[in-house]
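K.L.:
First the structure, then my questions, so here it is.
Every read-out reported here was derived from the displayed coordinates using simple, explicitly stated rules and does not represent laboratory data. The shown structure was predicted, so the numbers you read here are calculated from the model rather than taken from an experiment. Positions of Cβ are generated from backbone atoms using ideal geometry, with glycine treated the same way; all protein chains shown enter the neighbour counts.
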Amino acid sequence: EAAGTAYEFDDKEVILYNLSLGAKKSDLKWVYEGNENFEALPTFGVVPYFGSELPFTFDEIVPNFNPMMLLHGEQFLEIKKFPIPTSGTLTSYPSLVEVADKGAAAVVVTRCETRDSKGDVVFVNESTTFIRGSGGFGGSSKVTDRGAATAANKPPARKPDAVVEEKTSEDQAALYRLNGDRNPLHIDPEFSKVGGFKIPILHGLCFLGIAGKHIYQTFGAFKNLKVRFAGVVLPGQTLRTEMWKEGNRVIFQVTVVETGKPAIQAAAAELLGPGPKL
Ligand code: HDC
């Protein structure tokens, strides 16, 4: 088995993550390590695996690969072990799941298990990368059904059971990148311009985390969460998270208030229910 990529962290990484999802100084359990309920926001599990050494390069698996054309398409996070650690060393083991050919784009699916020092799996991440201009190579156009990670999660017809709005900061991406995703798409105007955006765009994992915070504040902890990034978010825009509770699942979607356009669709979280602390 491959050695995996180690991620060493303590309260500093946890506080940085929470702040970069909009935690305030009054949210003591998220910003103060001395608080008795100090905790990572529930989507922290997307951080340790990010940037682990992949067993392939995108150049090897899709034609015409151009990093400026790469977007985050979907993400599934499963939290396998509670409470979520706030320090330690975690090791991530990424693998390639499949590549689909969407004609104008290639879709690359990866999976990553993150384990603690005992060898227990703490987080599983499944990521879909949408690479514009890299399709048309003659592969299958469909991705395999991976259960909750690919579910359509269509919202019910009724009005949402809860709605939370939050304005992001103009500096949101400049802060979020310190969690480990230094993709220039989120900071360098020249790079993002070539990618087709008038200013650097917000990390998908940042607005995933903000929506996850809204679910956690409204319905409590969850054991997994899946999203499709349906449209870009510019730092400074306002996010509206609409949530529908269906049994132990929360189906949700996120819209950019200023434009009315979707940011996250086909999304759901499975609630943890009463029991262990986050
Ligand atoms: O939905 C469009 C879009 O712009 N989405 C927002 C993307 C975004 O903002 N992502 C976050 C920011 S980028 C980022 O954070 C990068 C990060 O730094 C690095 C991530 C690396 C992670 C890897 C870890 C290993 C767009 C452009 C994605 C698609 O829109 P269209 O081109 O209009 O596509 P459409 O015609 O609607 O559909 C074509 C086929 O593709 C499927 N599809 C659509 N959106 C998808 C998607 N598949 C996966 N993810 C998505 N988001 C459609 O279902 C359709 O397929 P089919 O014809 O088979 O139904």
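K.L.:
Test of understanding: among A105, A148, which residue is touching a strand residue (DSSP E or B) at 6+ places or on another chain (Cβ under 9 Å), over 30 Å from H214 (Cα atoms) and not polar (S, T, N, Q)?
P.N.:
Going through A105, A148 in turn, the sole match is A105.
K.L.:
Any idea which of (1) out of contact with any Gly (no Cβ under 6 Å at 6 or more places or on another chain); (2) within 13 Å of the ligand (Cβ to nearest atom) is the one K81 doesn't satisfy?
P.N.:
(2)
K.L.:
For region 96-140: of the residues being out of contact with any helix residue (DSSP H, G or I) (no Cβ under 8 Å at 6 or more places or on another chain) and aromatic (F, W, Y), which is farthest from the ligand (Cβ to nearest atom)?
P.N.:
This residue is F137.
K.L.:
Spot the failing condition for K159; the list is (1) away from the ligand (no atom under 12 Å from the Cβ); (2) surrounded by fewer than 16 Cβ atoms within 10 Å (Cβ to Cβ); (3) touching a residue at least 12 places away in the same chain (Cβ under 8 Å), and only one is missed.
P.N.:
(3) is the only condition that K159 fails.
K.L.:
For region 62-121, give me the residue count where each residue is hydroxyl-bearing (S, T, Y) and not in a strand (DSSP E or B).
P.N.:
Here the count works out to 3.
K.L.:
Another question, then. Please verify whether region 122-139 includes one or more residues that are free of Cβ contacts under 8 Å to residues at least 24 places away in the same chain, touching a strand residue (DSSP E or B) at 6+ places or on another chain (Cβ under 9 Å) and either surrounded by 14 or more Cβ atoms within 10 Å (Cβ to Cβ) or part of a loop (DSSP other than H, G, I, E, B) (or both). Please lay out each step first, then the result.
P.N.:
If we filter region 122-139 for residues that are free of Cβ contacts under 8 Å to residues at least 24 places away in the same chain, which is where we start, we get none.
No, that holds for no residue.
K.L.:
Another question, then. Which count do you get for residues in region 21-38 that are of a type in the set (K, R) and surrounded by 12 or more Cβ atoms within 10 Å (Cβ to Cβ)? Steps first, answer last, please.
P.N.:
Filtering region 21-38 for residues of a type in the set (K, R) gives 24-25, 29.
Still in the list and also surrounded by 12 or more Cβ atoms within 10 Å (Cβ to Cβ): 29.
Count: 1.
K.L.:
Within region 184-225, how many residues are of a type outside the set (F, W, Y), within 14 Å of the ligand (Cβ to nearest atom) and not in a helix (DSSP H, G or I)?
P.N.:
Number satisfying all stated conditions: 10.
K.L.:
Any idea which residue in region 226-259 is nearest to the ligand (Cβ to nearest atom), counting only those that are crowded, with 19+ Cβ neighbours inside 10 Å and basic (K, R)?
P.N.:
By that ranking, first place goes to R228.
K.L.:
Only one of F65, F82, F9, F58 is aromatic (F, W, Y) and closer than 21 Å to K223 by Cα. Can you tell me which?
P.N.:
Working: F65 fails: closer than 21 Å to K223 by Cα; F9 fails: closer than 21 Å to K223 by Cα; F58 fails: closer than 21 Å to K223 by Cα.
Just a single option satisfies the conditions, and that option is F82.
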